[in-house]
Structure formats: C-alpha cells, structure tokens
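Each value in this text was obtained by applying a stated rule to the coordinates, not by laboratory testing. Please read these numbers as outputs of a predicted model, since none were measured by experiment. Backbone-built Cβ (ideal geometry, glycine too); neighbour counts: all protein chains shown.
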Amino acid sequence: MSISNEEDTLASIPTTQRGSSNGTTRRDFLQGSLAVAGTVLASSVGTTVASAETKPKRPNLIFFFGEGQRADALSIAGNQILKTPNHDRIGREGIRFRNAFCTNALCAPARATALTGMYSNSTGALSNEHPNVPLPSDIPIFTDILHEAGYEVAILGKVHVRNGVEERYWDYYFGHNDPGNNYADPFFKEGRKGKIGPQKQYHNVYPDDLTVDRALAWLEEDRGDKPFCLLVWFVAPHEPFFRPRRHLDLYRETVIPKPATFDDDLKGYPGKPKSFAAAENKIGTTPSHTACGSLEGVVKDYYAGLVAVDENIGRVLNYLEKKNILDDTAIVQGSDHGFFLGEWRLFDKRLMHEPSIRVPLMMRYPKRIPAGTVRDEMILDTDLAPTFLDLAGVPIPAHMQGKSVLPLAKAADSSFREEWYYEYFEWPNPEAVRPCRGIRTERYKLIHYIMEPQEYEVYDLQSDPKETQNLYGKPEHAALQKHLQERLEALRAEIPIRPAPANA
C-alpha cells in the first residue's frame, strides 16, 4: 500500500474503519461547532474591555514545548541518569501530571492539536506531510483568541505545524517548519505584527540557544500593561540528536541500561502482531537513520540534548525572576509526543505503546496552583489550549475537544477522564509504522492496526505496565475485548472528520 497524502490515506481506509462523523456533515461541523469561535472572540474581548478596571491583572503565559520528550525524561520523574533541575522546578513549585498523553504521536499533528484543542481528524492535520498547507482558517488557535483578548503573542523555535502557522497573527515570530532543522547552521524565519520575513540561515549557533536569545530579547521590549503569551518550542533532542559544544563530553563514562524487551526481536516479538514486528524503527538496522546506530548512542545524545533544553528553560526562569514577574507568569511545560529508547529495540514514536504516547506535563502559577501538587488523572494534548484560555480568564470555545486541567489544581477528580481515543494516520512513513487507532482507559488498552490484514493488541496495564502480554484473541478475555472495541467505536463517532482539501 503506497499512499502519498492524508486524503489518500483516509480514502484508502474504509469509512467504517476511519471513524464516523455520526451524521455530521462538513456544513454541520463548521456551523455547529466552529462557528461559535467568532462569538466567543467577540464576547471575551468585550468582557475584557468592559471590566478591565475591576478584574485582577491577567497572568503572562509561557509554554515550553519539548520535542519527543518522554514522560520519564526528567529527574523529578525518577530518571537516574538525566538531571533536569529547571524542568523540576516547574513541577516542584506547581503541579505535575503523571499520566499525560498525546492523541497522535507525530510532530506536526500533535502540535496542531496543542494549538487548537482538537483531534487530528477534526483539524485535518493528520501527518507531517504537506508542510506548506495552512491549518484551516476557520479553526482558531488559542493564541488567536488570546490576541483578540488583548495579549501580545509570540512563537519561537521548532513550530512544525501546517505552514508553520505563519498566516496567523504573531506579535513576534522566530520559527522554522523543519522537523529537525540544521543543528550547526540553523534556518529561521522572523516576523513582527503579523508579517513573516524570508528564511535566513544562522551560523555556528545551537538552534535552541538562539531561540531563547530571541525570546529573552522580545520579553525585554516595552509592551506597557499588556500581558504576553510566549511559546518557546525546542528542537532538541530530535534526531540526529546533535549536542551543543558544551556537552560533547557529557555521559562518556555512563552505562546505559538495556530495556528488558530490547532483545525481543531475537525471540520473534512474542505476542506482538506482524504490523508491530514489520515496522522499521529498529535501532542499529536503519540506513536512513544513521544517528540510531546503537542504544548507547541514541540514549546519551537524547539525554544531552535535554540537558541543553533544561539550561535554556533555566535562562527564561532566571529572567522572569530578575524582573520580578515570575509569580505573575503561568508556566506550562509539555511535549509533542514521547519516544522509544530501546524498548523492543525501537526508536522514534508513532505507535500507541506507552513510551511513545506518554509525555511530561507540569505547570507553575502560584496564584492558582499550590506548590507540590501531583495528579494521576489522564490528561491529553487536547487539554492544553483550553487550559491556556482558562489561565487567561478567557471563555473556552465549545468546539475545543479537550478541557481545562486547572480544576485539578484544587482537588483530584477521579471522573476527570475515564477513557480516551488515539489515532495515527501517516502512511507511508520513514519507519514503516502502520496506521493505527486505539482506546486507553485507566487500566486497559486496545490497539487496532487498520490496514489489511487488520491486527490488534490488548493490554492490562495494571498487571502488565510494560505491555509484554498481548491478551487479544484469548478466550478468557473475550468480554473485555468486545467492550473495548465497542467503546473505541463510540469514541470515534464523537470526533467529526474534516475532509482533506482537494488540492492537498
């Protein structure tokens, strides 16, 4: 099966497999859910202006977004090798979510979801393909809404969303739309007040260092009493995992433990379907991914990149502290997706297994979030956009498919989310990972590979957190399997499908 774009990908998959719009037409979808965005914008701006004298000052917002940072790639999460003191400070002085996930473990779709609060199927941003096609103009991103509500908005670093969201308004833009960029001589586009300039190459500078240099310079500008929303999106540790010069010697003497499932390929991947075994995201045998030649090389370079990210987060925190605005700024740290570091000898992401879909998520804002709060509710990337709007005191549009997580800062809520839906579409792709979908509950997971022959995995995450015992097809688990499949179909039916544009 060779398919070159999202429209063909979806067209090749029967509608009964893709998902059902449950009778929702494109007209219904646009008018019934997204059309409320304009009303929300108007009402929120009016409310803000009318009551500016009585409302407390709105917080500044900073969104640190990692690139493929898995949930356990933090010392606060128990990592025994990687030290991330500045990341840890956000979690220690705020809230840390131990069960945060992405709904599509691929860069561009996940970033579109973070900005829109919507699933890939509803934004049409299904894959990394068509990087020059904008997100649909009728779907607001949360920074559009914040701008209309009086915020200055900026995005810097690895944007890598459809068209780099360059057609949206930014008070400042310093970004690139490349998956990995050039670590030694990076490329960026720069723009102000809604106008983006041509791409320019910068020499002998680490891209994330340059990103934060520009972010700090923008923060230093006079904006009067207007609050700001700053998105700092890092490129490290994306393959080829280049390190800044200051960390070339890091981890030389460190021994990297081998995951328990690293040698499962030598055993024929017991319990795994052919769709899993046939994927080409294997360490040591991928000529198209020369940086992934050894377990130790991948892990050490990956960790070194995150040390550099941590240093750059620290630079921003130190600036806010120096300016005495740290506690007036709500800080969110997350990641677009997770990353395999040798589990089943895999690297990269895409699959629905835990290392791929689990992400870090921490927030610091002492005026609304008590320090040292830890929560275990399941949080999704669809929740990010609503949460930023909630932090700013701006109404959340009805079309957003996530919800604010701020209520969890006050109290745990076991009913916050009992199950959720996962989707991955890109085919073909560099690692030959087949399209899949699935459902995850607090205890169970069903993975459905949707290309023929269709295959499945089912796991009891309570007794088997490492996902080594596939329960699918076992008679004693038939009732569980049936229940999960029914719930998967129900969740799919709730997500409207946006048709791909004819010229995509």
For region 173-243, which GluC sites (Glu not before Pro) are in a loop by DSSP, counting at most 11 other Cβ atoms within 10 Å? Glu220, Glu221
Inter-site label distance for Asn182 and Asn132 at 7 Å from Cα along Cβ, in nm: 1.9
May I ask what percent, to the nearest 5, of DSSP beta bridges between residues of the chain are antiparallel? 55
Mind jotting down the distance between the C-alpha centroids of region 430-504 and region 120-160, whole Å? 28
Which whole-number percentage describes the relative contact order of region 59-415, with Cα contacts under 8 Å and a sequence gap of 6 or more? 31
On the formula 1/(1 + (r/R0)^6), with r taken between the Cβ atoms of Gln469 and Lys193 and R0 of 51 Å, the FRET efficiency rounded to 0.05 is 0.35
Report the full-extension gain for the segment Asp376 to Glu476: residue separation times 0.36 nm, less the Cα-Cα distance, to one decimal in nm. 33.1 nm
Full extension between Glu220 and Val255 adds, at 0.36 nm per residue less the Cα distance, a length in nm of 8.4 nm
Quick one: go through region 139-156 and flag any residue whose amide nitrogen is under 17 Å from the point 7 Å out along the Cα-to-Cβ line of Ala398. 139-140
Net charge of neighbours whose Cβ lies under 15 Å from the Cβ of Gln485, counting Lys and Arg as +1 and Asp and Glu as -1: +2
Using alpha-carbon pairs under 8 Å, 6+ residues apart, how would you state the relative contact order of region 159-283 in percent? 17
With a/c under 1.5 counting as rounded, go ahead and sort region 306-434 into rounded, prolate or oblate using the C-alpha gyration tensor (a ≥ b ≥ c being the square roots of the eigenvalues; past the cut-off, prolate if a/b is larger than b/c, else oblate). oblate
Is it possible to state the helix-based mean residue ellipticity at 222 nm for the chain, with each DSSP H run of 4+ residues giving -39500 (n - 2.57), the sum divided by total residues, to the nearest 500 deg cm²/dmol? What is it? -7500 deg cm²/dmol
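Provide the gained length on full extension for the span Val205 to Asn324, in nm with one decimal, where the gain is 0.36 nm per separating residue minus the Cα-Cα distance. Present the calculation step by step, with values, prior to reporting the outcome.
Numbers: separation 119, 0.36 × 119 = 42.84 nm, distance 2.93 nm.
Once the chain is fully extended between Val205 and Asn324, it gains 39.9 nm.
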Below 8 Å, C-alpha to C-alpha, sequence gap of six or more: please give me the relative contact order for region 224-327 in percent. 39
For a quick check: with amide H placed at 1.01 Å from N, whose amide H comes under 5 Å from Gln69's, ignoring anything fewer than 5 positions away on the same chain? Asp336, His337
Nearest 20 debye, what's the magnitude of the dipole of region 59-415 about its Cα centre given +1 on Lys and Arg Cβ and -1 on Asp and Glu Cβ? 340
Checked region 192-276 against the a/c 1.5 cut and the a/b vs b/c comparison, axes a ≥ b ≥ c from its Cα gyration tensor; verdict prolate
Region 102-195 shape via C-alpha gyration tensor axes, a/c threshold 1.5: oblate
One finds, for Glu486 and Leu266 with R0 = 25 angstrom and r their Cβ-Cβ distance, a FRET efficiency to the nearest 0.05 of 0.10
Find, among the trypsin sites (Lys or Arg not before Pro) in region 139-225, those assigned to loop by DSSP (not H, G, I, E, B) with at most 15 other beta-carbon atoms within 10 angstrom. Lys193, Arg223
Could you give me the ³J(HN,Hα) list for region 183-188, computed from phi with Karplus coefficients 6.51, -1.76, 1.60 and θ = phi - 60°, whole Hz, x at Gly and Pro? 5, 7, 9, x, 10, 9
Could you list the residues of region 355-387 with an amide nitrogen less than 14 Å from a label point located 7 Å from the Cα of Arg92 in the Cα-to-C-beta direction? 371-373
